[in-house]
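First comes the structure, then the notes that go with it.
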Amino acid sequence: MNLVVVIPAYNEEKTIGEVISELKKYTHNIIVVDDGSRDNTYLKAKTMNDITVLRHKINLGKGATSKTGCEAALKLGADVIALIDADNQHVPEDVMKMAEKLEKENLDIVFGVRLLDEKMPFLKRWGNKMLTKMINCLAGISLADTQSGLKVFKASAYPKIAWDASDYSLETEIMLRTGKNKLKYSQLLIQTVYNDTFKGMDIFDGIKYFFNFLRQKFL
Amino acid sequence: MILGIQILGLIFGLFLAYLSFLHYKRREFGKLQFLFWEILWMGFTFIILFPGITETLIQELNIARAMDFFMILGFMFLVLFTFYNYLTINKIKQKLEEKVREEALKGLEKKL
């Protein structure tokens, strides 16, 4: 199994080095795509050996950055692609567990799901719970958490889930496409570390992405 | 007698006609584009000066006042241009994304 890990990164100079170092304990097939960061994310990633670092000249958003990473992974001959956040929120060990599950159970995609408990900031937790219920219902799939950035999928499934969203709504679009194309999916409980409660999605993003989801579903 | 609102409309129409002319002179508009906008603004100022010419149409459409007719027309234009802008921005966004991705992947090709 040729697993390639894609890390979309934007202004993550504080954490990108650690994320790569931790991942390198398991694999050297790592692609970092810097999304036109204003800090030294690109230079930091560049200093790490044996990995591929690409750069968007301007900031496009997480969806577009992940897509660039996936296309690079395909060019590098990946069989399995993993998407992981650059803010050190995820544990690399989970990526390997998800890849194993994907292979063992012959699935198309495995979603990393977080425990929506007290560790997650209050507003995020309740917003996520509501969004998860609505999206599950509309996408025709059943996941415990729809907003986690950690997912592992077969390269052969990529054309079926390839998203149009250039921002965070790639997460919901992937779910929608998984349900629409009747892909074999599963979920795995992952560990999550909340380093910065202000980063990522806020309540307005949640509303925006839900409307985006409706647009993709019905238009 | 020309009403105050007609004077405002006239200034507005002439100003936009001048802007279109300026864009043409700066070569930002082609001849056809320039003609289209000039005809539109001239038509606009003509209707402002002689609103009576729309009376038959207003009666046909069962609209009570000329002012209501212009308000409806104005809203229709606004919606039309908002939609047009939305489509154009979407198209530009897609093209920009493709270009930026192409540029980023060039780095990968050098390595391969």
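Which of the residues spanning the stretch B:60-73 are part of a helix (DSSP H, G or I) and loosely packed, with under 10 Cβ neighbours inside 10 Å? Walk me through it before giving the result.
Let us first name the residues in the stretch B:60-73 that are part of a helix (DSSP H, G or I), namely B:60, B:66-73.
Matches in the stretch B:60-73: B:60 only.
Determine, yes or no, whether residue B:109 is at pLDDT below 90 and within 11 Å of another protein chain (Cβ to nearest Cβ). Yes, satisfied.
Can you say whether residue A:154 is open to solvent by 10 Å² or more (accessible area, probe 1.4 Å) and modelled with pLDDT under 85, as far as the supplied structure shows? In short, no.
Scanning the stretch A:53-71 for residues being within 7 Å of chain B (Cβ to nearest Cβ), under 18 Å from the mean Cα position of the chain (by Cα) and not charged (D, E, K, R) gives a total of 5. Considering only residues in the stretch A:158-179 that are of a type in the set (Phe, Trp, Tyr) and either within 14 Å of chain B (Cβ to nearest Cβ) or closer than 17 Å to residue A:207 by Cβ (or both), the one that is least open to solvent (accessible area, probe 1.4 Å) turns out to be A:163. Yes or no: the stretch A:91-104 includes at least one residue that is out of contact with any Ser or Thr (no Cβ under 7 Å at 6 or more places or on another chain) and outside any helix (DSSP H, G or I). Yes, that holds for at least one residue.
Among the residues making up the stretch A:18-52, those that are part of a loop (DSSP other than H, G, I, E, B) and either open to solvent by less than 60 Å² (accessible area, probe 1.4 Å) or within 14 Å of another protein chain (Cβ to nearest Cβ) (or both) are A:27, A:28, A:29, A:36, A:37, A:39, A:48, A:49, A:50, A:51. Within the set A:24, A:46, the sole residue that is within 25 Å of residue B:99 (Cα to Cα) and either out of contact with any strand residue (DSSP E or B) (no Cβ under 7 Å at 6 or more places or on another chain) or not aliphatic (A, V, I, L, M) (or both) turns out to be A:46. Looking only at the stretch B:29-38, decide whether some residue is of a type outside the set (S, T, N, Q), open to solvent by 60 Å² or more (accessible area, probe 1.4 Å) and modelled with pLDDT under 90. No, the stretch B:29-38 contains no residue that is of a type outside the set (S, T, N, Q), open to solvent by 60 Å² or more (accessible area, probe 1.4 Å) and modelled with pLDDT under 90.
The values are calculated or read from the model by the stated rules, or taken from the named source; none is laboratory data. The structure presented is a predicted model; accordingly, all values stated were derived computationally and were not measured. For neighbour counting, all protein chains shown are included, and Cβ atoms are generated from backbone atoms with ideal geometry for every residue, glycine included. When the accessible area is computed, the model is the full protein with side chains, heavy atoms only, and any ligands, DNA or RNA have been set aside. Shrake-Rupley method; radii C 1.70, N 1.55, O 1.52, S 1.80 Å.
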